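The values are calculated or read from the model by the stated rules, or taken from the named source; none is laboratory data. These numbers come from a predicted model, not from an experiment. Neighbour counts are summed over all protein chains in view; Cβ atoms, including those assigned to glycine, are modelled from backbone coordinates with ideal geometry.
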Amino acid sequence: MAHTASQPPTLDHETLYTAFTARIDAALAALEWEAALPAGCERGAVSLEPPRDPSHGDLSTNAAMVLAKQAKTSPRALAEKIVAKLAGDPLVTSAEIAGPGFINLRLADANWLNELTAIERLGVDYGRSTKGAGRRVNIEYVSANPTGPMHMGHCRGAVVGDALAALLEFAGHQVVREYYINDAGAQVATLARSVHLRYREALGEAIGAMPEGLYPGDYLIPVGQALATEWGDRYAAAPESEWLDLFRQRAVAAMMDMIRADLALLGIRHDVFASEAELQRAGKPEAAEAWLRQHDLVYDGVLEAPKGKTPEDWEPVELPLFRSTRFGDDQDRPIRKSDGSWTYFGADLAYHMQKAQGADELIDIWGADHAGTVKRIKAAVAALAEGQGRAIPFDVKLVQMVQLLRHGEPVKMSKRSGTFVTLAEVVEEVGRDVVRFTMLTRKPEAQMEFDFAKVVEASKDNPVFYVQYAHARIRSTLRKAAPEGLAPSADGLDRLGADELALVKLAAQFPRSVEAAAEAREPHRIAFYLYDLAAAFHAFWNMGNDDPAKRILTGDRALSEARLFLADQIGQVLRNGLALLGVEAVEEL
């Protein structure tokens, strides 16, 4: 299926972290020139971070620690040579060696004031990076079975995948957002039979209670009505063989329209919708099997009897088996069933081969209930990469289910009973921003509770409110200043003191946080960072409540406009971070 990946931007600007990374790199290059380091030494592991303890300085580098072995010297001895190079930099007020060889730097205040003007200059691009270097990443997320509307069980993976896609684009990757439609299994046949019953109901037949095993939800009633209007009673009494495939196709199409609409409520989109049924009709699993046999990765064999079964309960059958044990799995896996149809793994293997043809890296966002299949599908992708002679990094992010609560009491949901809570209902009640941000307030592999009462609280304990409130406070202050003839100005930035600079230092970590979150493939890190930045701004604001001299708007015009400039740039960073999460930076609350 043709698709166009997002194109990474070309950047020609630097921020404080990139500037000082370049300074350290220049110092190391000088040491190479002096033969204190070997020519062309590998510097990929050199990092620049804020120290864990701010009292140790503004920046810390591990350069001496990771390069000492190549230099055939001790970390502290190499650190002394690096410090000698950095100490002469006019933007560095001190360079000190700590512990076994870390180097802590203290920067001149001018660096932080320059960073504020950089935020203003770069605006929506502040934090954007070319770190991804245009690398093509395919992210598959949601991929809910097309048997009904989205429910909250799908929501968390949807938000994680969408935020990860936005994060990687911002960090310079080309991203393809993909949805895999599981429309070739028994569940969609059950869906077709359920729709056929609703079709007969629409024609006036009394169907009574929905039979056990079919989908009872009212969401299928409009589908049946539409088909009754289109076809009349043509298929009402027809044998199943005449209508099953047709009803399956129409039912899946209707459910996918519903799913797309549900995802749109969360601002989630996909570039590609890949169909399992189309994959099989195109013969992709057969082609995958042939390719794997050519590379001795599939053979015909008999699986061992399942544990706990007696010989009378089990009959050995020769099946085509994928050599997944070669790649760390605990047993080889069948790609076909005894009747010749494809196993889920066999179809999935072919699908991943298809995705890998147009990507440098694959990422799947799965529910935690699929944990048992991770090892085998990773083995399949590893085999594919080995056979093609290239590296195809493949990561599976497992997302835990969300427990819905209302004032601490569980909210029941069941897709089969038709009483589940839909995603649309949740968004309607609490809003898109609350849903999206809340889904990113914990690591995806951690359990999560979503309490309808707590997620709308106006308190510090509600992260989405706390972050949006910080932005709203900033915008309110700017509006209040305008009638007084005050506007943000960089002219008096040298009037800012230690409290203001501490806030700038935290804001300056945003570009680094973006790169770190993108490298780890963890968009929740941005939510954590935004909460910390919002908390720091609220603390700064509250100092003005206790001491009028520390308010943003004071009787000192130059100082007021400098503080307005500071607040305005903190607001810009909040907007940029919230945009990555797909959350609005509200003007007022």
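Tabulated data for the structure shown
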quantity	calculated
Output for region 359-373, where each listed residue is farther than 14 Å from Tyr141 by Cβ and surrounded by 16 or more Cβ atoms within 10 Å (Cβ to Cβ)	Ala359, Asp360, Glu361
Top-ranked residue in region 129-141 [being at pLDDT below 95 and touching a helix residue (DSSP H, G or I) at 6+ places or on another chain (Cβ under 8 Å); ranked as nearest to Pro222 (Cα to Cα)]	Gly132
Considering residues of region 465-495 that are farther than 24 Å from Val124 by Cβ and among the small types (Gly, Ala, Ser) only, the residue surrounded by the fewest Cβ atoms within 10 Å (Cβ to Cβ)	Gly485
Subset of region 246-279 (residues that are touching a Gly at 6+ places or on another chain (Cβ under 9 Å), buried (at least 20 other Cβ atoms within 10 Å of the Cβ) and hydrophobic (A, V, I, L, M, F, W, C))	Met255, Ile259, Leu266, Ile268
Exclusive hit being touching a Phe, Trp or Tyr at 6+ places or on another chain (Cβ under 9 Å) and in a loop (DSSP other than H, G, I, E, B), set Gly148, Gly153, Gly224	Gly148
Subset of region 147-175 [surrounded by 24 or more Cβ atoms within 10 Å (Cβ to Cβ), of a type outside the set (A, V, I, L, M) and closer than 21 Å to Asp360 by Cβ]	Gly161, Asp162, Phe170, His173
Some residue of region 259-273 being in a helix (DSSP H, G or I) and in contact with an Asp or Glu (Cβ under 7 Å, 6 or more places away or on another chain)	no
Residue in region 549-556 that is part of a helix (DSSP H, G or I), out of contact with any Gly (no Cβ under 6 Å at 6 or more places or on another chain) and not β-branched (Val, Ile, Thr) present	yes
Strands (runs of 3 or more DSSP E) within region 368-473 that include 1 or more residues under 24 Å from Ala520 (Cβ atoms) and touching a Pro at 6+ places or on another chain (Cβ under 9 Å)	394-399
Sole exception among (1) surrounded by fewer than 19 Cβ atoms within 10 Å (Cβ to Cβ); (2) of a type outside the set (Ser, Thr, Tyr); (3) in contact with a Leu (Cβ under 7 Å, 6 or more places away or on another chain) for Ala498, by number	(3)
Tally, over region 338-367, of residues that are assigned to a loop (DSSP other than H, G, I, E, B), within 23 Å of Ala520 (Cβ to Cβ) and of a type in the set (Asp, Glu)	1
Number of the condition not met by Glu212 [criteria: (1) farther than 30 Å from Val514 by Cβ; (2) touching a helix residue (DSSP H, G or I) at 6+ places or on another chain (Cβ under 9 Å)]	(2)
Any hit, region 210-218, residues being farther than 24 Å from His270 by Cβ, of a type in the set (A, V, I, L, M) and out of contact with any Ser or Thr (no Cβ under 8 Å at 6 or more places or on another chain)	no
Qualifying position, being over 20 Å from Val402 (Cα atoms) and either modelled with pLDDT under 95 or not assigned by TED's automatic domain parsing to the domain that holds Gly555 (or both), among Arg512, Arg475	Arg512
Cβ pairs under 8 Å, 6+ apart, first in region 318-337 and under 21 Å from Gly185 (Cβ atoms), second of a type in the set (Gly, Ala, Ser) and in a loop (DSSP other than H, G, I, E, B)	Leu319/Ser338
When residues of region 50-83 are limited to those that are among the acidic types (Asp, Glu) and in contact (Cβ under 8 Å) with a residue 12 or more places away in the chain, the one surrounded by the most Cβ atoms within 10 Å (Cβ to Cβ)	Asp58
Residue count, region 162-204 (criterion: at pLDDT below 95 and part of a loop (DSSP other than H, G, I, E, B))	4
Qualifying residue in region 178-191 (condition: free of Cβ contacts under 8 Å to residues at least 40 places away in the same chain and out of contact with any Gly (no Cβ under 7 Å at 6 or more places or on another chain))	yes
Which listed residue, of Trp243, Trp231, is surrounded by fewer than 20 Cβ atoms within 10 Å (Cβ to Cβ) and either under 18 Å from Met150 (Cβ atoms) or at pLDDT 95 or above (or both)	Trp231
Test: residue in region 235-245 that is in contact with a strand residue (DSSP E or B) (Cβ under 9 Å, 6 or more places away or on another chain) and either assigned by TED's automatic domain parsing to the domain that holds Met255 or of a type in the set (Gly, Ala, Ser) (or both)	no
Residue satisfying condition, being closer than 16 Å to Glu115 by Cβ and touching a residue at least 60 places away in the same chain (Cβ under 8 Å), within set Glu500, Glu519, Glu588, Glu584	Glu500
Residue match in region 247-255 (condition: farther than 28 Å from Glu428 by Cα and without any contact (Cβ under 8 Å) to a residue 24 or more places away in the chain)	yes
Any hit, region 199-207, residues being within 37 Å of the chain's Cα centre (by Cα) and basic (Lys, Arg)	no
Scan of region 93-102 for residues that are among the hydrophobic types (A, V, I, L, M, F, W, C) and free of Cβ contacts under 8 Å to residues at least 40 places away in the same chain, ordered by number	Ala95, Ile97
Leading residue by the ranking (nearest to Ala158 (Cα to Cα)) among those in region 274-294 that are touching an Asp or Glu at 6+ places or on another chain (Cβ under 8 Å) and among the aliphatic types (A, V, I, L, M)	Ala274
Flag for Leu86 being within 20 Å of Ser60 (Cα to Cα) and either surrounded by fewer than 20 Cβ atoms within 10 Å (Cβ to Cβ) or not hydroxyl-bearing (Ser, Thr, Tyr) (or both)	yes
